[in-house]
Amino acid sequence: MDDSRSLLLDTAGRLFAELRETPDDADAAWQRVAELGLPLALVDEAHGGFDLPVADALAVVRLAGQYALAAPLGEALLANRLLAEAGADIAEGRPTLAVADPHSPLTLNREGDRWRVHGRLPAAPWVEHAEVVVTIARHDRQNRLLLLDPDSLAATPGTNLADQPRTDLTLDLDLDNHRVRELPETLGAEWLFESGALLRCQEIAGALATVLDMTVQYASERVQFGKPIARQQAIQQQLAVLATQAAIAAGAADMGVDAFHDPRRHALIAAAKARCGEAAGQALAIAHQVHGAIGITREYRLNLYSRRLWSWRDEFGSERYWQARLGEQVLARGADGLWPFITELGGSTEGARQ
């Protein structure tokens with residue numbers, strides 16, 4: 001790790017650790033995060049950002065998951081990146097992103113000197129805290145970034161299992177030209193959905209690191225029959241499996257980072273999100289077995305991490321969704337193409353690291 005990356009992660013980590021003491025105050029958390037400039041990490045310097053390497057920016061997102069940050073940092077990173085790519089003004093306010101169901105894309109049509117957009121954006125994150133919602137639609141074989149005013153949208157507020165804001169949006173409205181911007185061919189609706197999955201991979205990996213630490217500490221302090229339960233062979237075996245799942249999630253999330261600019265990212269992100277989801281399920285089962293009844297109490301921090309992990313594993317595609325996507329790509333290659341498919345993916349991640 002070079003000095004600049006180490007300084008970035010150390011600074012962000014200290015801030016997130018401080019903000020963890022007020023986990024429900026999203027407004028205060030956002031203000032502190034924005035003051036540090038983190039939402040602009042993926043924006044180039046010409047647009048007022050820091051143009052950090054993708055790996056560094058997403059490492060900060062992983063830290064946010066590790067410390068249970070109560071602010072939509074990952075969503076803001078991607079939203080600001082898209083705003084900059086489309087040449088839109090990047091306000092100091094709070095942006096968020098929304099993604100249509102891959103099977104039900106938005107409909108965007110030109111009507112005179114205005115645009116008409118129709119469709120649904122399910123479970124859009126943090127809309128009630130945002131000043132602009134960005135999403136992507138396609139018109140005339142061109143990707144378009146839509147800048148939506150939250151107050152103009154038909155919204156059904158809700159939350160996920162972790163009580164994080166998730167709002168169903170129904171779009172049937174006109175947009176001025178300045179709210180519809182062209183995007184490069186590589187930045188389409190599928191890119192946005194996959195990038196959202198990549199965010200959740202980072203957050204899952206970060207949260208599992210904390211779950212592992214909490215479980216090991218609890219097993220070392222909980223005494224039964226005159227000795228810590230961590231000395232019991234059965235508990236040691238469970239802790240080893242938990243540590244393995246946390247490490248697998250971290251490795252899968254790293255693979256997803258490698259895929260950010262890779263043309264073969266579809267399979268890599270599919271594998272990463274599916275494996276992170278599986279790791280979360282297996283790791284949480286062990287964590288709650290070791291903790292016993294205290295682990296499900298709302299006052300105990302494992303409850304917070306559990307609800308976030310259960311939510312994140314389903315957002316931007318569950319493991320079943322991504323496994324099906326991965327299977328489709330394998331079947332398309334045929335029996336003779338299976339091994340080349342696997343080796344190509346391995347080679348692409350190695351190339352990205354170099």
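Each peptide in 162-174, 58-70, 38-50 receives the mean, over its residues, of other Cβ atoms within 10 Å, and ordering these scores from highest gives 58-70, 38-50, 162-174. For region 1-159, the equivalent ellipsoid derived from the Cα gyration tensor has semi-axes of 30, 19, 13 Å, listed largest first. Across all Cα atoms of region 110-153, the radius of gyration (one decimal) and Dmax (whole number) stand at 11.7, 33 Å.
Across all directions, the shadow cast by the convex hull of region 164-226 built on its C-alpha atoms averages 7.9 square nanometres. Stokes-Einstein diffusion for region 68-117 at 10 °C, viscosity 1.306 mPa s, with a Kirkwood radius from C-alpha pairs, works out to 120 µm²/s. Computed per residue of the chain from DSSP H runs no shorter than four, each worth -39500 (n - 2.57), the mean residue ellipticity at 222 nm is -17500 deg cm²/dmol. Set against the 2.2 N^0.38 Å expectation for a compact globular protein, region 1-93 has a Cα radius of gyration ratio of 1.04. Using the alpha-carbon positions of region 269-330, Rg (one decimal) and Dmax (whole number) come out as 13.7, 45 Å. Each principal axis of the Cα cloud of region 150-287 was taken in turn, and the coordinate range along them, longest first, works out to 71, 36, 17 Å.
Here the scattering of region 216-342 is modelled by Debye summation over its C-alpha atoms, one equal scatterer each and no solvent; at q = 0.18 Å⁻¹ the log10 of I(q)/I(0) is -0.97.
Entry for region 76-171 at q = 0.10, 0.13, 0.18 Å⁻¹: log10 I(q)/I(0) = -0.26, -0.44, -0.84, Debye formula applied to identical alpha-carbon scatterers, no solvent contribution.
For the chain, hydrophobic long helices are taken as DSSP H runs at least 27 Å long by C-alpha position along their axis with mean Kyte-Doolittle hydropathy of 0.5 or more; these are 233-258. Mean silhouette area of the chain, derived from the convex hull of its C-alpha atoms and averaged over all directions, reads 19.5 nm². Taking the Cα centre of the chain as reference, the dipole from Cβ charges on Lys and Arg (+1) and Asp and Glu (-1) amounts to some 1340 debye. Rg/Rh for region 216-285 stands at 1.21; both radii use Cα atoms, and Rh follows the Kirkwood definition.
None of the figures in this text is laboratory data; all of them are computed from the coordinates on show. Worth saying up front: this structure is predicted, and the values here are computed from it rather than measured. Neighbour counts are summed over all protein chains in view; Cβ atoms, including those assigned to glycine, are modelled from backbone coordinates with ideal geometry.
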